[in-house]
Amino acid sequence: MDDLVVELAGLLGEAHVLVSAQDQAPFLSDWLGKYRGAARAVVRPGSTEEVAAVMRLCTRHGVPVVPQGGNTSMSGGATPDGSGRAIVLSLTRMNRIRALDAIGNTITVDAGVVLARVQQAAQQAGRFFPLSFGAEGSCTIGGNLAANAGGVAVLRYGTMRELTLGLEVVLADGRIWDGLTALRKDSTGYSLRDLFIGSEGTLGVITGAVLKLFAQPHARATAFVAVPDVAAALSLLAVARDRCGDRLTAFEFMTGDCLSLILRHVGEARLPLGAMPPAAVLIELSDQDDEPGLRDRLEAALLGSIETGLVLDAAIAQDGTQAKAFWRIREGVSEALVREGKAAKHDVSMPVSAMADFVAAADAAVHTAALGVRPIVFGHLGDGNLHYNLLPAQGQDPAAFAALTPALTRIVHDEIACRRGSISAEHGIGQLRVAEMPLRKAPLDLELMRSLKDLLDPAGLLNPGKLLAGKLLPASTSN
Ligand SMILES: Cc1cc2nc3c(=O)[nH]c(=O)nc-3n(C[C@H](O)[C@H](O)[C@H](O)COP(=O)(O)OP(=O)(O)OC[C@H]3O[C@@H](n4cnc5c(N)ncnc54)[C@H](O)[C@@H]3O)c2cc1C
């Protein structure tokens with residue numbers, strides 16, 4: 001047997017070192033079915049000390065390590081390459097809620113805890129953890145941190161970066177960095193915590209986190225709203241902000257084409273409107289107030305907007321079941337896209353005020369480049385984040401469309417660059433966008449990122465080929 005595997009089994013026990021093709025299979029391909037890799041072993045440590053021991057061993061042997069949580073990455077971030085040299089380090093056995101402080105409003109967890117469990121633990125203690133999105137039943141806190149995940153409540157509560165107070169991280173050489181503090185204020189120099197958030201497993205393995213909790217919202221009001229276009233949706237966002245203030249929790253946008261796709265592929269999704277609209281937004285308010293009061297506030301904002309032509313039609317959920325049905329539509333987008341075929345995926349962000357112009361310009365440019373291409377556009381409009389997906393023309397050969405994809409991506413990302421936007425708002429660079437980094441990041445950005453990578457992972461063993469590929473720049477390059 002492979003010497004490394006024998007040593008790993010000595011550290012973790014044979015049951016937690018997977019070598020057979022069958023056992024490894026779920027860890028070697030991504031959620032979208034776009035990437036498939038190979039691994040020397042899949043290891044499943046059960047504690048921070050075991051992660052440290054694995055890292056020491058891998059550094060000694062020069063073996064690459066791909067950290068993995070729930071394996072729901074949308075950018076191939078947790079899938080090893082095809083060489084079979086790397087080990088996959090799965091954190092899912094590390095699933096303890098370590099502590100919950102209801103007075104200090106914090107929860108301390110292992111990195112492998114599934115997001116939905118953190119939400120439940122907070123709720124059981126009368127508190128609230130706001131990170132939420134379609135993959136919450138299987139993604140983990142470590143993956144959420146490594147990708148700086150966003151989701152549907154960023155508008156009110158921020159991304160994972162804003163939701164985190166402290167981290168525990170195992171470095172490439174096996175040292176354990178204990179930054180697991182619950183401080184809301186700390187003015188003692190560089191924020192090392194923020195370095196690891198969004199680093200996609202390339203700087204260290206996150207093993208624990210202290211997260212912020214909030215007051216549980218007792219009332220929610222949810223509406224499914226037909227709008228003429230992106231520009232109207234943005235004006236409606238301004239109205240909703242003015243009328244509802246901080247109560248505005250979610251403002252999710254979908255084009256009519258996106259809605260049609262969901263209704264076609266997600267059996268239980270039902271449109272709560274009279275007719276298929278050109279576009280729609282799902283609006284949610286949340287508060288400590290009484291629910292009827294909150295619903296009245298939402299209704300007043302929508303009625304005023306019908307008069308000004310921003311809203312074509314609207315349905316307000318009368319109870320939790322209806323609200324859930326509205327959310328089922330929004331949450332069905334990813335699975336509907338997977339069922340329709342392989343899309344060219346873009347996860348872009350830009351100033352909110354630039355979004356209508358971006359969609360018009362990108363739509364026009366991609367239609368010129370690829371006849372019949374189908375933009376499926378949805379996203380977190382209030383955060384300036386759109387998922388701008390492109391499906392092949394009806395009946396187009398998937399291979400022909402795949403050949404066109406780099407050119408289409410170039411077009412979309414050019415439209416983002418001229419608006420000073422980002423090519424990844426929340427899904428990360430992974431392997432999907434790694435070739436774009438030298439084109440889209442300033443040389444000085446890349447140089448500083450490369451210096452940090454070299455400092456923390458000099459042998460380049462942590463998640464190679466993701467985020468930063470190879471040595472990108474000579475040291476002298478400047479901005
Ligand atoms: C249906 C669906 C809907 C989604 N919606 C959203 C959304 O609205 N918003 C959003 O932000 N994302 C969304 N995602 C993307 C994905 O769920 C998130 O990126 C999630 O945060 C990944 O968590 P994970 O545990 O699955 O990480 P993985 O997929 O396992 O890994 C993601 C990245 O993090 C690294 N990593 C994992 N664990 C660790 C660790 N402990 N230490 C260091 N690095 C680690 C991996 O190497 C990889 O680079 C969605 C995905 C799906 C399938």
Cut-off is 10 Å between beta-carbons; in what order do Leu455, Leu310, Leu192 appear when sorted fewest neighbours first?
Leu455, Leu192, Leu310
Fewest Cβ neighbours within 10 Å first, please rank Ser191, Ser132, Ser75 accordingly.
Ser191, Ser132, Ser75
Arranged by the count of other C-beta atoms within 10 angstrom, fewest first, what order do Leu462, Leu203, Leu371 take?
Leu371, Leu203, Leu462
Dividing the helical contributions, -39500 (n - 2.57) per DSSP H run of n ≥ 4, by the residues of the chain yields a 222 nm value, nearest 500 deg cm²/dmol, of -10500 deg cm²/dmol
Nearest-0.05 FRET efficiency for Asp454 and Glu162, computed from C-beta distance (R0 25 Å):
0.30
Net charge (Lys, Arg +1; Asp, Glu -1) of residues whose beta-carbon lies under 11 Å from that of Pro67, Pro67 excluded, is 0
Near-label residues of segment 324-363 by backbone N, under 12 Å of a point 7 Å along Cα→Cβ of Ala238:
353-354
Summed over the other residues with a beta carbon less than 15 angstrom from that of Pro292, with K and R at +1 and D and E at -1, the charge totals -3
List the lysines whose Cα lies under 17 Å from the Cα of Lys185, skipping any in the same chain that are fewer than 8 positions away.
Lys212
How far apart, in nm, are two points set 7 Å out from the Cα along the Cα-to-Cβ line at Ser187 and at Gln288?
2.9
Net charge, Ala344 excluded, C-beta distance under 13 Å - Lys, Arg +1, Asp, Glu -1
+3
Estimated distance in nm for a label pair at Ala356 and Asp257, the labels positioned 7 Å out from Cα along Cα-to-Cβ
2.0
Straight-line reach from Lys453: which aspartates and glutamates have a Cα under 12 Å away, not including same-chain ones fewer than 8 places off?
Glu200
Over what distance in Å are the Cα centres of segment 373-410 and segment 129-171 separated?
26
Suppose the chain between Ala300 and Ala403 were pulled fully straight at 0.36 nm per residue; how much longer would it get relative to their current alpha carbon spacing?
32.2 nm
I need the trypsin sites (Lys or Arg not before Pro) found in segment 177-269, filtered to DSSP loop residues with at most 15 other beta carbons within 10 Å of theirs.
Arg184, Lys185
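Every number here is computed from the coordinates shown, using simple stated rules; none is lab data. As the structure is a prediction and not an experimental result, all values here were calculated from the model. Note: ideal-geometry Cβ built from the backbone for every residue, glycine included; neighbour counts use all protein chains shown.
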